[in-house]
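None of the figures in this text is laboratory data; all of them are computed from the coordinates on show. Note that the coordinates shown come from a computational prediction; the quantities given were computed from them, not determined experimentally. Note: ideal-geometry Cβ built from the backbone for every residue, glycine included; neighbour counts use all protein chains shown.
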Amino acid sequence: MSESERSALRRSDFLLVGGLEQLRERRPVLAALTAVGTPRVTLARSVLWQAAVPVVLGLAVSVLVGTGLASLLLSINGVPVLIDWGAVLAMAAAGAAVVLLVTALTLPALWRLTRPEGLRTE
């Protein structure tokens with residue numbers, strides 16, 4: 001495994017821990033929503049949307065700013081500007097896939113946290 005792959009794996013671990021921590025903090029709210037009849041599938045969809053929207057916006061901004069800055073620096077140095085859109089989109093897709101995969105890995109915890117036992121206080 002290369003160093004960049006290990007680094008990506010470490011970052012995805014941090015994303016997973018952060019996602020699980022967010023779910024744990026929202027346990028009483030999630031359990032209450034389930035207790036009043038909100039389907040768990042709706043809660044799962046909500047968690048996925050809460051992860052997907054910032055990722056899509058962040059990827060769009062990073063692709064635009066990154067290609068803009070690269071084009072500017074290349075033109076300043078007199079180098080012809082040729083952007084490999086396939087590589088740019090592949091990297092953006094890989095980033096989005098990692099975030100969505102990590103979010104999907106938090107769903108089993110969501111099922112556990114939405115049980116009625118989650119309404120009990122400690």
In the set 33, 59, 72, the lone residue that is of a type outside the set (D, E, K, R), under 27 Å from residue 114 (Cα atoms) and surrounded by 11 or more Cβ atoms within 10 Å (Cβ to Cβ) is 33
The lone condition residue 38 fails out of (1) touching a helix residue (DSSP H, G or I) at 6+ places or on another chain (Cβ under 8 Å); (2) surrounded by 14 or more Cβ atoms within 10 Å (Cβ to Cβ); (3) of a type in the set (Val, Ile, Thr) is (1)
From the option list 18, 66, single residue qualifying as under 15 Å from the mean Cα position of the chain (by Cα), assigned to a helix (DSSP H, G or I) and of a type outside the set (D, E, K, R) is 18
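For residue 81, indicate whether it is surrounded by 11 or more Cβ atoms within 10 Å (Cβ to Cβ), without any contact (Cβ under 8 Å) to a residue 24 or more places away in the chain, more than 20 Å from the chain's Cα centre (by Cα) and within 18 Å of residue 107 (Cα to Cα).
Values: surrounded by 11 or more Cβ atoms within 10 Å (Cβ to Cβ): yes; without any contact (Cβ under 8 Å) to a residue 24 or more places away in the chain: yes; more than 20 Å from the chain's Cα centre (by Cα): yes; within 18 Å of residue 107 (Cα to Cα): no.
No; evaluated as a whole, the condition is false for this residue.
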Pairs returned, first residue in the stretch 29-52 that is farther than 12 Å from residue 107 by Cα, second residue that is of a type in the set (Gly, Ala, Ser), beta-carbon separation under 7 angstrom, 6 or more apart or interchain, are 30/118; 31/118
